[in-house]
Amino acid sequence: MSTLQPKGDAELKIQGKTVRLPLVEGSEGELGLDIARLRSETGAITLDPGYVNTGSCSSSVTYIDGERGILRYRGYAIDELAEKSSFLETSYLLIYGKLPARRELEVFVDQITRHSMIHEDMKRFFNGYPATAHPMSILSSMVCSLSSYYPDCMHNSPENRELNIYRILSKISTIAAFSYKKSIGQPFVGPLNRLGYVDNFLNMMFAVPAESYEINPKASRALEMILVLHADHEQNCSTSTVRIVGSSLANLYACVSAGICALWGPLHGGANQAVIEMLADIEREGIDVAKFVARVKDKDSNTRLMGFGHRVYKNFDPRAKILKQACDDLLGQLGIRSRQLEIAKQLEDAALKDDYFIERKLYPNVDFYSGIILRALGIPLNMFTVMFAIGRLPGWIAQWREMLSSPGLKINRPRQIYTGPNLRTYVPIEQRV
Ligand code: CMC
């Protein structure tokens, strides 16, 4: 694993006092100002709402160059992995840092396959949710509940850590599929160890006891690729949440449950559901694409072009490019004509020619086309963000594991600039006005 390299220092003048702070460089030339001594030497802290300029850690898992539209897991280009790798192989790569040898992959897949059942008592939890419950709320609470069934997760030895990694990677898809079955009133379909990870998930989602279910290999491959594309994205909102919770040494299930909650929001993973809702509104109400773009540009309308824009990418999101092509391929192969795909392409064309989007460097992101593929696979709308969570899980695990093995691990605890009242004297209630 490469480490930060010293790169000279920077001079900072604060209220007449000059301090020299070290500069560090990552393996792709990214420059960082190490401010560890800032407060002790100057009394000042940094203020960076939204962490737009703040590196919370150094990491060797994922590299993004937002200006050039580059995404790599452990040095491998995302387009190559999307085409050639499987979800479990990519998971291994993210978590352990290298592509597995054949035997290593077999052992990893075998371990994950063998942990796919959930405790029988947990099945009863599903009855406690109303039929209208969003599957993300079920997923986050069920994942946290796993810590009650596997209390060894609280003793963070390396052996327990690996065992619980296998468990969560495996059980998340069972929990996700069961939450869907519960919502439509069908019996749970348990995992089948003879099937691969993605096929097993599709079978748990769509098989029924009354008839056999044929898995379409094209659908399976498309889902595999979607999961690979979502598998990590460095220090995004949910991953940072996993790291923050993990920094208090909370167990893996608690950390992932928190990550799932962070992912749920429409500005993050929830955007894949929001994109389809937006396209459906445009289709249903027959809204002209140019008028919709004008609405998005009007700040008073409170409307965003969902699936557009990204904190880091100021160029095409490479995942969106791959997904757009995959969308065309899959819909062609399945013989589906999608009005929503047509609207999405018209929106993209209109936005990419428009000064508002050009000036702000807003491009389609991963969520813009993924929903159309998920819909073509028969995944219901409210399960879209669950699919994102299943895909992102290996990334959360890899980042959590990396954090725990980093030397000098510290609890994450940002500071603040206080703006409230100065010291006041308590006023008894009868004297208050
Ligand atoms: N539609 C219209 N205007 C936008 C959009 C959009 N989708 N995204 C950003 N802008 C405008 C924004 O109003 C602001 O304009 P101004 O400078 O005039 O105030 C400018 O672009 C910068 O936006 P920002 O909100 O400061 O940018 P950010 O880096 O804080 O937010 C974002 C990034 C992804 C939250 C935002 O682009 C957004 O809300 N996009 C829509 C939701 C979405 O698709 N989210 C999925 C993100 S990718 C997958 C993931 O992370 O889960």
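Descriptive notes on the structure:
- The gain in end-to-end length when the ILE45 to ARG432 segment is fully stretched comes to 135.6 nm, 0.36 nm per residue minus the alpha carbon separation.
- Where GLU11, GLU25 fall by accessible area, highest first, once all protein chains stay in place (1.4 Å): GLU11, GLU25
- Rounded tilt (10° steps) of 197-206 against the dominant C-alpha axis of the chain: 60
- LEU334-LYS123 FRET efficiency (beta carbon distance; Förster radius 35 Å; 0.05 resolution): 0.60
- Residues SER248, SER148, ordered by accessible area of protein heavy atoms at a 1.4 angstrom probe radius and largest first, appear as SER148, SER248.
- For the set LEU38, LEU195, solvent exposure ranked by accessible area (probe 1.4 Å, protein chains only) runs largest to smallest as LEU195, LEU38.
- Theoretical ellipticity at 222 nm over the chain - DSSP helices of four or more residues, -39500 (n - 2.57) apiece, nearest 500: -16000 deg cm²/dmol
- Among ARG304, ARG161, ARG124, the largest mean-square fluctuation in a Gaussian network model of the chain (Cα springs under 10 Å) belongs to ARG124.
- Charge sum, other residues only, whose C-beta stays under 15 Å from THR42's C-beta, Lys/Arg counted +1 and Asp/Glu -1: +2
- With kT/(6 pi eta Rh) evaluated at 10 °C and eta = 1.306 mPa s, and Rh the Kirkwood radius from Cα pairs, the range 5-55 diffuses with a coefficient of 133 µm²/s according to Stokes-Einstein.
- Surface accessible to a 1.4 Å probe, VAL52 within the full protein complex, Å²: 90
- For the chain, the relative contact order comes to 19 percent (Cα pairs under 8 Å, sequence separation of at least 6).
- The chain: angle of helix 87-96 to the longest principal axis, Cα-based, in degrees nearest 10: 30
- Over all Cα atoms in the chain, the spread is summed up by Rg and Dmax: 23.6, 79 Å.
- Residue list for the range 295-317, given a label point 7 angstrom along the Cα-to-Cβ vector of GLU67 and an amide N cut-off under 15 Å: 312-316
- The Rg/Rh ratio of the range 304-388, with Rg taken over Cα atoms and Rh as the Kirkwood radius over Cα pairs, comes to 0.98.
The values are calculated or read from the model by the stated rules, or taken from the named source; none is laboratory data. It should be emphasised that the depicted structure is a prediction, and the values quoted were computed from it without experimental measurement. Cβ coordinates were reconstructed from backbone atoms using ideal geometry, including for glycine residues, and neighbour counts include every protein chain displayed. Side chains are part of the model used for accessible areas, which takes the heavy atoms of the whole protein and leaves out ligands, DNA and RNA. Shrake-Rupley method; radii C 1.70, N 1.55, O 1.52, S 1.80 Å.
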